[in-house]
Amino acid sequence: MATTLQLADAVGYFRVSGPRQAGERHVSLEVQEAAFYDHCQCLHLHPVTTFTDVVSGRKDDRAQYRAMLNYVVQNGVGNVVVLFLDRFGRNPREILRRYWELEEQGITVQSINEDLKEELMLLIRAGIAGQESKRTSERVSMALRKAAEKGKLVSKLPFGYVKVRDVEGERVEQVPGEAAAIRLAYELATERNMGYKGMADELNRLGYRTKSGALFAAQSLKLILLNPAMAGRAVFRGQGEEIITENAYPAIFYAEEWETLQQRLTIRREGQHRGRTDTSPYLLSGILRCGHCGGAMAGASSGPGRYAYYVCANKKMARARCEEQIYHRREALEEAILGHLGQYSDPVRVRELLEAQGQESDAGDEVELTRISGRLAELERAFLNDLDRVDRGVMTEPEYLKRQEVRREEQGGLQSRKDDLEARVAAQRDVEAQVAAVPVKVQTFLEDFQGMDIRRAKAILQGIIKAAHVFSDRHIELEFRG
């Protein structure tokens, strides 16, 4: 009587980085397929089908892996064969997660070119070592954070300061020459509307140098002027949080000066207030926008000492790009803009304008933001607690990875909502700040304008108005700067 040998079913799972790429072990798709069929023949397995993902191992959106998992579960296939376990991913945690996912369904994973038991132990150790490295980094960060919370300086001293040790102890003092360079840069930025390169050139011309004795460059000066240390604040940034220590340094700028400087530098980053825009004699250059096409409006003249006007830049380049036909006389338009601006020395008018632009407040956003921030902190604590349980052997690595998968999904949704709420709350706070600040700025500017240098006047006006949209001399819409 003949006996029929019933072979166990097996599927092959392959991965390559690209259709023509062999990958890091020279395992092309052809090599993996041939090895799979040879393996099945040697171990008397029935090769049912194969699944191939053409995707980088760094990505986790593998459609064919998911299809393979559904297939073997629905059809009762007992074996999944891979050439190496790293076909499941390049991260030990991802490889283990997929391996255990298949095991839970009663499916045996076979690795053709590895001792499976030894490889699994190596992966588990690598995963735990990776977590230990992360925890070491977290401990260092925590120690620095605690030091920062106590007001200790945990970063290198910035330009402008030096640490002094004497019989009275250790303290930080200003370096007079460096502080003078910073004060001059402030004046060049706020009074003369200069950019980083222009400021660096002027400092170099006057003999100022960096801490190392080198010439100033635009980038090195930018880093100095954006550093909160100039206003006396030490800022520690770690793991998504900021710890600010006030009065950590003897401030080179008063608080109001710091805010003025940062606003000036922010305006320049927008790209509308550079080069000839800031050095031209036209008060409204960099501010005016055509109400018809949205293009910038530039100052121009028909000749030295002759007719001066503002015109849409799009119209100057090609008439078809803007239908606006009006050349606005310089004096008339500047007078109209300043007259329109004068209305906003009244806080009520400022609030009405902001509300008309859709910038209303919603107190519920702050409540929700507090709740979400609290929940994210809870999830982070739970993550650290579980790591500790894995270290003590109370929780297994597979259990840990499963719980983290659930947390990651919740964290992703919450973080996205938190980012949105933070932006909205910041905008709402900005509205209240504008209602309080704009009228004072407008009134002060209009009172002092007549005796002011044009560069100084432009710098102040650009700090008040982000854009003035001109439809006609009588139809002007202002957009205040936050």
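The values are calculated or read from the model by the stated rules, or taken from the named source; none is laboratory data. Here the structure is a predicted model, which means the values were calculated and not measured. FYI the Cβ positions are ideal-geometry reconstructions off the backbone, even for glycines, and counts take in every protein chain you see.
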Return a yes/no flag: does region 438-447 have any residue that is outside the structural domain of Tyr344 (by TED's automatic domain parsing), outside any loop (DSSP other than H, G, I, E, B) and within 21 Å of the chain's Cα centre (by Cα).
no
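Which residue, of Glu405, Glu380, is in contact (Cβ under 8 Å) with a residue 40 or more places away in the chain, under 26 Å from the mean Cα position of the chain (by Cα) and either within 20 Å of Leu96 (Cα to Cα) or not assigned by TED's automatic domain parsing to the domain that holds Arg97 (or both)? It would help to see each step written out before you state the result.
Working: Glu380 fails: in contact (Cβ under 8 Å) with a residue 40 or more places away in the chain.
Going through Glu405, Glu380 in turn, the sole match is Glu405.
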Determine whether Asp60 is in a strand (DSSP E or B) and at pLDDT below 90.
no
Quick one: count up the residues across region 66-120 that are under 37 Å from the mean Cα position of the chain (by Cα), over 20 Å from Val16 (Cβ atoms) and touching a residue at least 60 places away in the same chain (Cβ under 8 Å).
4
Considering only residues that are over 23 Å from Arg269 (Cα atoms) and basic (Lys, Arg), which ones fall in region 457-482?
Arg474
Failed condition for Arg139, given (1) buried (at least 17 other Cβ atoms within 10 Å of the Cβ); (2) modelled with pLDDT under 65; (3) basic (Lys, Arg):
(1)
Residues (without any contact (Cβ under 8 Å) to a residue 40 or more places away in the chain and among the hydrophobic types (A, V, I, L, M, F, W, C)) located in region 159-209
Val162, Val164, Val167, Val175, Ala180, Ala181, Leu184, Leu188, Met199, Ala200, Leu203, Leu206
